[in-house]
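Structure record follows, encoded as structure tokens.
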Amino acid sequence: MNRLRSVNQELMREFNRILVIQHIRSAKMISRSDISKQTGLSMSSLTTIISNLIDEGLVKEVCESTSRGGRRPIMLQFNGDYGYVVGIKIEVEGIYFALSNLEAEVEKKIFMKYPTSSFSNEQINQLLVNGITEVIKGCKVDEEFVGIGIATSGLIDQKNLLVLGSPIVGWTNYSFQGIAERFNVPIHVENDANAFSFGNIWDFKGPKSRNFIGVLIGAGVGAGIVLDGRLYRGEAGGAGEIGHIVIQNGGTTCYCGQRGCLEMYASYAFIVGEGKRMLAMHRQTTLSELSSITPEGIWQAAKDGDSCSQEILFKLGENLGVGIRNVINLMNPGAIVLGIENSGLGEYLLPRLKTEISSHFFAQYKQELEFQVRSNCVDVVLTGICAAVVSDLFRIPIYR
Ligand SMILES: [Zn+2]
């Protein structure tokens, strides 16, 4: 019984600490008495929590606010400059490296292309070491390097810093253990769509709803499912593999072994396949002038007015809409937030995608579904992965 009581007290202390950090972070600057008013915490317990946070270096006291007479309160601020984090996003063509403070605000970003088309785990780790070294160059010595976050597509084993499999980049059992040892800091590995959803929560610019789905569209399609304000990971950490929900029974065989997966109808491979099909059908298209069919080539042709290329991209949007509509029907979210890695594609993807999702099951009951597009989704992913590192280290909640 005593043990239970002490566990409860500990949980309560943790909960209160989280609550206080949340209020300080979201208010930017706030007085102790305002936190007390907003949280209902007594001034005495608040004083203890805040002095601990100040000792940890996470919160600082700042200039007095302009007051309407009487004693001016000392304000509190989250100390984002206490340390820095490196956030990494693995892509098909190369890797983004970002430097952020503890507010997960990206201060510097670089992109490194893969030097070769195929590479070993060691070569990737070397590239990561180079990128991390480059991006932290010039950081102040009194600031602490607190951790590294890596966002990648695929199924992740977070505990062992492993990418179990990412068909998009062609990795199986890639380990980042060497990076952790090289820099001697903790590493947080996360699926990129999950990081996208984290970013949406952390930067306060995402959907208002506590139930939303972040859909990241790049070379593949992934989703980060947020239920009641928390990321839903599923049993093996793989929840959100929206790219492998079947939208065409008996359709195109997917690399996952199933047939008719969304990703077969809504990915770069689909764009290229459709381009080739148009040519084989001798359709009137400027694609015939290209030496090879690439997603970029088709996008450029669409921009130049080639109706065949436009049709391919419109169809891609429609297919994505069908997949997302299935997820809406399953999860009943309050919002969908879309990140399109090539933001220029939005013009072609969005019209039919919106039409498709607007006919979801709940629409007949006039239920509101917020729809948001984040144009700078790489930055949102980088913010999310940096936030995940900060959240792990300092027990700062991403959730609200
Ligand atoms: Zn599949």
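Figures for the structure shown
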| quantity | calculated |
| --- | --- |
| Residue in region 267-286 that is assigned to a loop (DSSP other than H, G, I, E, B), within 16 Å of the ligand (Cβ to nearest atom), in contact (Cβ under 8 Å) with a residue 12 or more places away in the chain and touching a helix residue (DSSP H, G or I) at 6+ places or on another chain (Cβ under 8 Å) present | yes |
| Leading residue by the ranking (surrounded by the fewest Cβ atoms within 10 Å (Cβ to Cβ)) among those in region 215-229 that are in contact with an Asp or Glu (Cβ under 8 Å, 6 or more places away or on another chain) and in a loop (DSSP other than H, G, I, E, B) | A219 |
| Matching residues in region 230-266 - criterion: being within 14 Å of the ligand (Cβ to nearest atom) and outside any loop (DSSP other than H, G, I, E, B) | I242, G243, H244, V246, T253, R259, C261, L262, E263, M264 |
| Positions within region 191-214 being surrounded by 24 or more Cβ atoms within 10 Å (Cβ to Cβ) and not aromatic (F, W, Y), in sequence order | N191, D192, A193, N194, A195, S197, G199, N200, I201, I213, G214 |
| Among residues of region 342-381, those that are outside any helix (DSSP H, G or I), surrounded by fewer than 18 Cβ atoms within 10 Å (Cβ to Cβ) and under 19 Å from the mean Cα position of the chain (by Cα), counted | 7 |
| Among the residues listed as G317, G297, G334, G344, the single one being over 30 Å from I187 (Cα atoms), without any contact (Cβ under 8 Å) to a residue 24 or more places away in the chain and not polar (S, T, N, Q) | G297 |
| Selection within region 192-230 - farther than 24 Å from S343 by Cβ and either in contact with a His (Cβ under 9 Å, 6 or more places away or on another chain) or of a type in the set (A, V, I, L, M) (or both) | L227 |
| Close pairs from region 215-240: first on the phi > 0 side of the Ramachandran plot and acidic (D, E), partner in a strand (DSSP E or B) and buried (at least 18 other Cβ atoms within 10 Å of the Cβ), Cβ under 9 Å, at least 6 apart | none |
| Which listed residue, of E134, E181, is without any contact (Cβ under 8 Å) to a residue 24 or more places away in the chain, in the same structural domain as E93 (by TED's automatic domain parsing) and assigned to a helix (DSSP H, G or I) | E181 |
| Qualifying residue in region 200-213 (condition: farther than 28 Å from G273 by Cα, assigned by TED's automatic domain parsing to the domain that holds G346, aromatic (F, W, Y) and in a strand (DSSP E or B)) | yes |
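The values are calculated or read from the model by the stated rules, or taken from the named source; none is laboratory data. Source: prediction; values computed, not measured. A quick note on method: Cβ atoms are made from the backbone with ideal geometry, for glycine too, and the neighbour counts reach across all protein chains shown.
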